[in-house]
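The values are calculated or read from the model by the stated rules, or taken from the named source; none is laboratory data. Quantities reported herein were computed from a predicted structural model and do not represent experimental measurements. FYI the Cβ positions are ideal-geometry reconstructions off the backbone, even for glycines, and counts take in every protein chain you see. For the accessible areas, the whole protein counts, side chains as well, though only heavy atoms, and no ligand, DNA or RNA atoms are used. Shrake-Rupley method; radii C 1.70, N 1.55, O 1.52, S 1.80 Å.
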Amino acid sequence: IVDFYMSPCLDTGVGKSSIVCRFVQDIFDLNALPTIGASFMTKTVSCGNELHKFLIWDTAGQERFHSLAPMYYRGSAAAVIVYDITNEESFYTLKKWVKELKEHGPENIVVAIAGNKCDLSDMREVPVKDALEYAKTINGIFVETSAKNAINVAELFDGISQQIPPLDPSERYSNGAFKVERHVTQHRKRWC
């Protein structure tokens, strides 16, 4: 099981929930309402000889929910932090969230940065080069996505799966099958 936390981002409307819905249900709702608090979804994907079950906590972007974020990202194996490529301020906010994750999140958390709404590249305010350079400085995954047009959403989560360390051969069952889940027992599991 890969505990995964979909980023809290103070800027609403960057497309966090739309990315999750596209990944889990392969749908896009143009009239989706903002997330209140947090929502939860799961999806299991193959990664080599393993199954990775993403347990996704999609948290609200409004300031009033900021204090709830740590209870979702503590214990997570990965976090996706989303910004809107047409909104430069959302990119600056993303950097604040990365700093918070690095300071208060799990030590080896996989961080992925998603520049959403790449279908609106004619309205771009955040250059690809800037986001890519930033991702390199934090050893993060970088992908530009479009939840609306299903561009690079699966690739985003595949990139995360590739960064999760493989199971040790000693974690196989006696019949050669792999364990489906692998996680440290904690109060609750969270997705980033």
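Has segment 19-37 got any residue that is assigned to a strand (DSSP E or B), at pLDDT below 80 and either under 14 Å from the mean Cα position of the chain (by Cα) or β-branched (Val, Ile, Thr) (or both)?
No, because not a single residue in segment 19-37 is assigned to a strand (DSSP E or B), at pLDDT below 80 and either under 14 Å from the mean Cα position of the chain (by Cα) or β-branched (Val, Ile, Thr) (or both).
Conditions (1) assigned to a helix (DSSP H, G or I); (2) among the charged types (D, E, K, R), marked per residue:
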position: Val111; (1), (2): no, no
position: Asp119; (1), (2): yes, yes
position: Lys129; (1), (2): yes, yes
position: Tyr134; (1), (2): yes, no
position: Asn139; (1), (2): no, no
position: Phe142; (1), (2): no, no
position: Lys148; (1), (2): no, yes
position: Phe157; (1), (2): yes, no
position: Ser161; (1), (2): yes, no
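Kindly evaluate Glu155 against the criterion of being closer than 24 Å to Val45 by Cβ, acidic (Asp, Glu) and either open to solvent by 20 Å² or more (accessible area, probe 1.4 Å) or at pLDDT 85 or above (or both). Give the derivation first.
Numbers: closer than 24 Å to Val45 by Cβ: yes; acidic (Asp, Glu): yes; either open to solvent by 20 Å² or more (accessible area, probe 1.4 Å) or at pLDDT 85 or above (or both): yes.
When the stated conditions are applied, Glu155 passes them.
What residue, among those in segment 121-152 that are farther than 17 Å from Lys95 by Cα and surrounded by 15 or more Cβ atoms within 10 Å (Cβ to Cβ), is farthest from the chain's Cα centre (by Cα)?
Arg124
Which pairs have Cβ atoms under 6 Å, sit 6 or more apart or on different chains, and link a residue in segment 126-155 that is at negative phi and of a type in the set (D, E, K, R) to one that is in a loop (DSSP other than H, G, I, E, B) and surrounded by 15 or more Cβ atoms within 10 Å (Cβ to Cβ)?
From residues that are at negative phi and of a type in the set (D, E, K, R), the pairs are Lys148/Phe28.
Among the residues of segment 41-68, which ones are surrounded by fewer than 24 Cβ atoms within 10 Å (Cβ to Cβ) and at pLDDT below 75?
Ala60, Gly61, Gln62, Glu63, Arg64, Phe65, His66, Ser67, Leu68
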